[in-house]
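Bear in mind these aren't lab numbers, they're just calculated from the coordinates by the rules spelled out. Here the structure is a predicted model, which is why all the values come from computation and not from measurement. Using ideal geometry, Cβ is built from the backbone for each residue, glycine included, and neighbour counts are taken over all protein chains shown.
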Amino acid sequence: MHAELLPYWYPIARSEDVREGPVSVSLLETDLVLYRSGQDIVVAADRCPHRGMRLSLGQHREGALVCPYHGLAFGQEGRCVHIPAHPHLTPSQQFRLSTYPAVERYGLVWTSLGASPSPFPELSSDWDDPAFRKVTPDPVPIAASAGRQVEGFIDVAHFAHVHTTTFADPANTAVPTYAVQVDEDGLRFDYCSTVSNYAVGSGMTAEGFVWRRSFDVRLPYLAHLTVHFPNGRLNILNGASPVASDRSVLFSPVCFDFEIGTDEAVKDFNARIFAEDRLMVENQQPRHLPLEAAEASFAADLASVYYRRLLRQMGLSTA
Ligand code: FES
Ligand SMILES: [Fe+2]
């Protein structure tokens, strides 16, 4: 995959899914192992420097990760601290395990594979506000690139066609014009329309209300949406984690300051919306965004046209 992608921060797990025992994830074609050790989360290459064994099959014992094959133990910074076959030897640097930084924010664990990571993305302060309830749905594996997924999330022309069983009205197809503001780290736009965000069949209506959706897109694969409801705000973080050029995992925590329902109801509604999106995203050809070959666009695609341009400016040919 493109080296340009390495410095950025990507979500790799939900905080609640990382406990003491090692778990494996993949990011940018790199297999990683992660585990919780006291206050810290350790992220390392899921490959033992001795014979290439998958360390996620090993055990976390007293702050060290122990390989299942010959029992080498690695401390939190990746230094090999014990070789059972030679118990009195101080292991050399050759046995050092590559480790990566870990940050816990927005209910997720993030890492960066770059030698000098880019600044961590700071999103809406609502995430730090105790008045906002947070719900973190299950991660969703997607058989398409992270770029395709993010572009689908910021697409405002598909609601009436794709989200008809969840929130959209099939008759409300026209897309009002909107403007996009481009910065060096991404793009922002407000989309105002009469497309309601209330669940189909809920009986909730807001006659004459104009729904404002504020999008904040950070390169390369992070998008944040604030939906302004009549009685509060709903924030959706759309973090597409690039597993490989044709595979991604979607993390989509939400936070809101008004009554929506139980955590399970929120997760269920979110899962139904993303299932509708996933059917589209997994059936686009090719499975990545073709940044050099032109696909036809219309005016409502403005955000996606800018998004592709920014990805191209990063030096990517596909995303
Ligand atoms: S392969 Fe890990 S200890 Fe030998
Ligand atoms: Fe959608």
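For region 56-127, taking Cα atoms only, Rg and Dmax work out to 16.4, 53 Å respectively. Secondary-structure-derived ellipticity at 222 nm for the chain, considering helices only, amounts to -4000 deg cm²/dmol, per-run term -39500 (n - 2.57) for DSSP H runs with n ≥ 4. Projecting the Cα atoms of HIS228, SER125, VAL156 onto the charge dipole of region 125-313 (Cβ charges, centred on the Cα centre) puts VAL156 farthest toward the positive pole.
Over the chain, Cα pairs under 8 Å with separation of 6+ residues give a relative contact order of 18 percent. When the Cα atoms of the chain are aligned to their principal axes, the ranges along those axes come out at 77, 45, 31 Å in descending order. Across region 81-86, coupling constants 3J(HN,Hα) worked out from phi with the 6.51/-1.76/1.60 Karplus curve, θ = phi - 60°, read 9, 7, 10, x, 5, 9 Hz, and Gly and Pro carry x.
No solvent, one uniform scatterer per C-alpha: report log10 I(q)/I(0) for region 227-319 via the Debye equation at q = 0.14 1/Å, two decimals. Each listed q maps to, in turn, -0.71.
About its Cα centre, region 3-111 has a charge dipole of approximately 280 debye under the convention of +1 per Lys or Arg Cβ and -1 per Asp or Glu Cβ, with nothing else charged. The separation of region 186-235 from region 136-168, counted between C-alpha centres, amounts to 14 Å.
In terms of the mean number of neighbouring beta-carbon atoms within 10 Å, the peptides 61-70, 6-15 order highest first as 6-15, 61-70. Charge dipole (Cα centre; +1 on Lys/Arg Cβ, -1 on Asp/Glu Cβ; no other charges) of region 125-313 amounts to roughly 300 debye.
Evaluate the charge dipole of the chain about its Cα centre and quote only its size in Debye, nearest 20, assuming +1 on the Cβ of each Lys and Arg and -1 on the Cβ of each Asp and Glu.
Values: 26 positive and 37 negative charges, 179 e Å.
Computed charge dipole of the chain: roughly 860 debye.
Computed over the Cα atoms of region 125-313, the ratio of the radius of gyration to the Kirkwood radius (Rg/Rh) comes to 0.94.
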